[in-house]
Structures are given as C-alpha cells and as structure tokens.
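Visitor: One structure follows; several queries about it will come next.
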Amino acid sequence: MLAKVCSAAVNGIEAYAVEVEVNSGWGETVIVIVGLPDTAVKESRDRVTTALSNSGFNFPLGRTTINLAPAHVKKEGPSFDLPIAIGMLAASEQLVTDQLENYLIVGELALNGVVRTVKGVLPIALRARADGKTGMLVPADNAAEAAVVAGLNVIPIRNLREAVSFLQGEISIPPMRVDIDRLFEQTADDEVDFADVKGQESVKRALEIAAAGGHNVLLIGPPGTGKSMLAKRIPTILPPLTIEEALETTKIHSIVGLLKPGQALITKRPFRAPHHTASDAGLLGGSMNPTPGEISLAHNGVLFLDELPEFKRSVLETMRQPLEDGTVTISRAAGTVTFPSEFMLVAAMNPSPDGRMPGESRCSPREIQNYLGKISGPLLDRIDLHVEVPAVKFREMTANRTGETSAQIRARVIAARKRQQQRFRTSSRCTCNARMSPRDLRIHCALDEQTLEMLRLAMNDLKLSARAYDRILKVARTIADLADSERITSDHIFEAVQFRTLDRQLWG
C-alpha cells in the first residue's frame, strides 16, 4: 500500500515542501530510503523502526520504499523521522486516517518514541500556511515557535503514540496559542544600562547618533577605557523590534537551533560578539550546506568585533559587501543561498599594539603601522563614526552623579527613527538613514551653498573619499533628526565631519 505524508525542509532561511512517500510491498524485509538523503536521514531508518517497536506497533514486513520528493534536492537532518514513521504505519494499515493531506508533520524520534525538537520550525510553519495546510504536527518544545504563524493549527506532539491517536481521532489535542503582544510586553528588563558608565559623554553622544541612524561605529582607545562596556549597552538604546523584524530574526536563529525549548519569538535585538579567532565561514556563514554566520545572526541587531586588528584581514575584508548590501550570498557546490545581514557594526580597538596613542606608544612606527594596516581603507570607509574613547578621569570615576539612563537616550533614538520612517514610508528597502541610496541622499540631504562649501573644504583637507562623503551626509541627516530639524545645517555637518578625523590622524 502507498501512503503520502506532507513535510518540509529548509533551504537558506526559506522552507520548501517535501512529500514523504512510503510504499509497503512484498519481498525481502528491507527498508530503502531514496530522494538524496544525507547520513542523518539514512540513519532515521534505524531510529524509526526501533521507535515503532517500542511504541507498540508491528514492524513492517516486506520491502518498504521511502521516497523524499523532490528527489533532486538533498535532504538533511532528523526532522523526517516522524513523517516517515507515520507514513510506514499508514502504508502497513496500522494507521487509518484521512487527515494526512491536511497536516504538515516534522519531528525527530527518540528510540522510545518520544518526539524531539528540530531546527527551522518557524520557516516550515510559514511554508505550511502558504501551502494551505490546516495545521502542523510538531514537537511540543517547538509548538510555541510555530504558533506565532497566525491561521495555522499547531498541534504539540510528545510521542509517536500520541501522534497516531490524534490522526485517528481517538484523542483531541488543543492547538497551541501564542499572544504575540504579550510576548513583547514580557521582554525582560535589560541588565545593563548607560547610567552605569562613568564619564565618556562624547562617546555616549556618538553612540546615540549611531543608534538613531543605524550607523556603523569604531571605538578607538587604550585598554580599560570602557569600550566593551559601552558596546554591550548599545542594544538598550535601540528601538524595539517590529513584528516583521522579530519574525525574520527568529527564522535565522531557528535555522541554527539557537532558540530555547518553548521559546516562541525573539523580541530583543540580537547582540553578537564573535571571538577574533572566528573564520570567514563562522562570520559570514558556510560549511558544505550553507548556514547563517555571525553577521546574519546579528541581523536587525548589533555585531560587536572587539580587538578588531586581531581578526584576520581576509575575514574582515569579506564583510565589505554585506555592509553595503545588507545581505550575504554564499555559493557552494550544493547551491547558492542568500541570508539577510542588516546589522549595526560596532568595532573596538587599541590605537597601537601596546594600547597607547601613537605619540605615547613605546612601539616603533613600523610596528604601529603594521598593526593599523590590518584594517584596510575600504573597510574604514564603510564605518560611519570613528570615535576616540579617552581614559576616564579619577573625579569622574568617583563622582556620585550618574549619567542619563538608557531609557532616556532610547526615547530620543525612537523619536529620530520615527522621523526616518515617515521620510522613507514609500521606500521598501530604506529603513534608516544608514541605508539611504544615492537617490535618497540627493532628495533628503540637500545642502545650501554655505554648508556645501564648508563640506568641500573639509573633504579636501582630510582627503576623504566619495564613500566618506556619502557617510558624512548620512550622519549629518541623523544629527538633524535628533535635533528635530528638517534642514541639515553647517553645525550638523561640522559634527559629522568630526567623526571622520580620527582615522586621518592614525592612518594618515
């Protein structure tokens, strides 16, 4: 007898339908899996047969052929265990139901029949809804994640016996329900706050500008000045995630398997801080079957690279295209996939190998040059704000007065972002000032003659590139938004230019 079960798999961050066909016939007792299965899928034969026996079902006799269609796409992972088991029971007439075409089924089976969690359930749930399925049978720990998709009955399954009983109508399992609004309300309070940072008011101002416009920022200063401390507090002043951003961010983390059991949605902007030993595959994504890397896991959030010159130069250079496009495309023999990577880059570094400014350093000029030379000019041009983080004075460290809280700074950032959303309401791609196209710059960053002349003189004196010119205009636009000014004035341009002078001093 032939049985068909609907399932799905993930390619990139999107899911595609997989039809599990199971045919039970005469002949020698053997189970054959076809349809380009990888090792994990081939091993499901042993997991499924053992789970069937331990769940009280009869082992299927004769030749059982399992086809995973479409046959030209490689299938990976253990998520086909449950649909294969359901198909084998239906093909051997141990399961009699007319509900198989209405439900999409995924899940890994333990040897005792327990259904274990799998990766990528959210994009699979979106695929099920797009295909018009009534609902999904998913592991209980993944149910909340899938239930985020409205209009889909998500049935939490704990073991194989429970799945069979539900499909046969012997038991009723209420669909999982998730209140998305409540999830955002329950977002945990931040454990860190800008009020904890003593002094560094100029740096806080720069980070406020960066957060308001989504700009990349480079923090340069001696060890112990609070660069990492400041960077870790940036997510506390960023605007809250929208539901669309939360869904896209959750999809990426679901594919990698970073969601906690029972977690429905990521409601806080991600903060990723990879070690400087990270490879290009770890940063961009890769392996034989491309998976998201750190820059995609930081999508809609912050990517913090501490000790920037310690990263391999080849690794840093691979970020140049994603910083411009907001996406990263990975090509392998198995195929080409594109992951989103619209993140805010925050980098920190010492000004010299021994941590001192070049005029005070004991290192030779060649040593300093080699150290700074690990960061290329084109990469520096893609970082909008270059900020010096000076040593904190003793009286600032011991003062009882605290600075502004993250909530106070965040209120101004949100107000500036709302102005940008209103400005770019007709643009599908541009979401903040840092993402403005050349056309947007011409429209929204027009300067009067006096301001334009001042910018021309600064460009000539500092010998800045055309890309740096665009970055200055974008930062000035953000400074104007924070000041609630529709027009970019010379004061805004002057402040924006200040963030391009430090790299001229260090790199020349």
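The values are calculated or read from the model by the stated rules, or taken from the named source; none is laboratory data. Given the structure is predicted, the values throughout are model-derived calculations rather than measurements. All Cβ positions, glycine included, derive from the backbone under ideal geometry; neighbour counts span all protein chains shown. Just so you know, the surface numbers come from the protein's heavy atoms only, side chains and all, with ligands and any DNA or RNA stripped out. Shrake-Rupley method; radii C 1.70, N 1.55, O 1.52, S 1.80 Å.
Visitor: What list of ³J(HN,Hα) values in whole Hz, one per residue of the range 462-475 in order, does the Karplus curve 6.51 cos²θ - 1.76 cosθ + 1.60 (θ = phi - 60°) give from phi, with Gly and Pro shown as x?
Guide: Taking θ as phi minus 60°, the curve returns 8, 6, 8, 7, 5, 5, 5, 4, 4, 5, 5, 4, 5, 5 Hz for the range 462-475.
Visitor: If amide hydrogens are placed 1.01 Å from N in the peptide plane, which non-local residues have theirs closer than 5 Å to the one on residue 266?
Guide: 250
Visitor: Skipping prolines and chain starts, which residues have an amide H placed within reach, meaning under 5 Å, of the one on residue 104, given they are 5 or more residues away or on another chain?
Guide: Distant-sequence amide H within range of residue 104: 135, 136, 137.
Visitor: Order 357-363, 487-493 from most to least packed using the mean count of other Cβ atoms within 10 Å. Walk me through the intermediate numbers first.
Guide: Numbers: 357-363: 13.6, 487-493: 18.1.
My ranking of the peptides, most packed first, is 487-493, 357-363.
Visitor: Hey, any idea what % of the chain's accessible area is carbon plus sulfur with a 1.4 Å probe? Provide the component values of the computation, followed by the final result.
Guide: Values: 11310 of 22880 Å².
Carbon and sulfur: 49 percent of the exposed surface of the chain.
Visitor: So what J values fall out for the range 233-245 if you push phi through Karplus, 6.51 cos²θ - 1.76 cosθ + 1.60 with θ = phi - 60°, rounded to Hz, Gly and Pro as x?
Guide: Per-residue couplings from phi come out as 9, 4, x, 6, 10, 7, x, x, 5, 7, 5, 5, 5 Hz.
Visitor: May I ask you to give the solvent-accessible area per residue for the chain, in square angstrom, as obtained with a 1.4 angstrom probe?
Guide: Numbers: 22880 Å² over 508 residues.
Per-residue value: 45 Å².
Visitor: Follow-up. Please list log₁₀ I(q)/I(0) at q = 0.11, 0.22 Å⁻¹ for the range 153-241, using the Debye equation with identical point scatterers on the alpha-carbon positions.
Guide: -0.55, -1.10
Visitor: Hey, what do the phi angles of the range 9-19 turn into as Karplus ³J(HN,Hα) couplings, whole Hz, using 6.51/-1.76/1.60 and θ = phi - 60°, x for Gly and Pro?
Guide: Karplus values, whole Hz, x for Gly and Pro: 9, 10, 10, x, 10, 10, 9, 10, 6, 10, 9.
Visitor: Given 5 Å bins starting at zero, what is the percent of C-alpha pairs of the range 430-482 in each, up to the one with the largest pair distance?
Guide: 4, 19, 31, 26, 15, 5, 0
Visitor: Right, next: Could you name the lysines whose alpha carbon sits less than 23 Å from that of residue 227, not counting residues in the same chain fewer than 8 places away?
Guide: 198, 204, 268, 312, 374, 393
Visitor: How are the alpha carbon pair distances in the range 218-341 distributed across 10 Å bins from zero to the largest one, expressed in percent?
Guide: Spelled out per bin, shortest first, that is 12, 40, 36, 11, 1.
Visitor: Can you classify the range 379-508 as rounded, prolate or oblate using the Cα gyration tensor, where a ≥ b ≥ c are the square roots of its eigenvalues, rounded means a/c under 1.5, and otherwise it's prolate if a/b beats b/c and oblate if not? All intermediate terms of the calculation are to be shown ahead of the outcome.
Guide: Numbers: a/c = 1.96, a/b = 1.19, b/c = 1.65.
Oblate is the answer for the range 379-508, as a/c is 1.5 or above yet b/c matches or exceeds a/b.
Visitor: Using amide H atoms built 1.01 Å from N in the peptide plane, name the residues 5+ places from residue 305, or on other chains, whose amide H lies under 5 Å from its own.
Guide: Residues meeting the criterion, in which the H sits 1.01 Å from N, are 346, 347, 348.
Visitor: When N counts the residues of the chain, how does its alpha-carbon radius of gyration compare numerically with 2.2 N^0.38 Å, as a ratio?
Guide: Values: Rg = 27.4 Å, N = 508, 2.2 N^0.38 = 23.5 Å.
So the Cα radius of gyration is 1.17 times the expected 2.2 N^0.38 Å.
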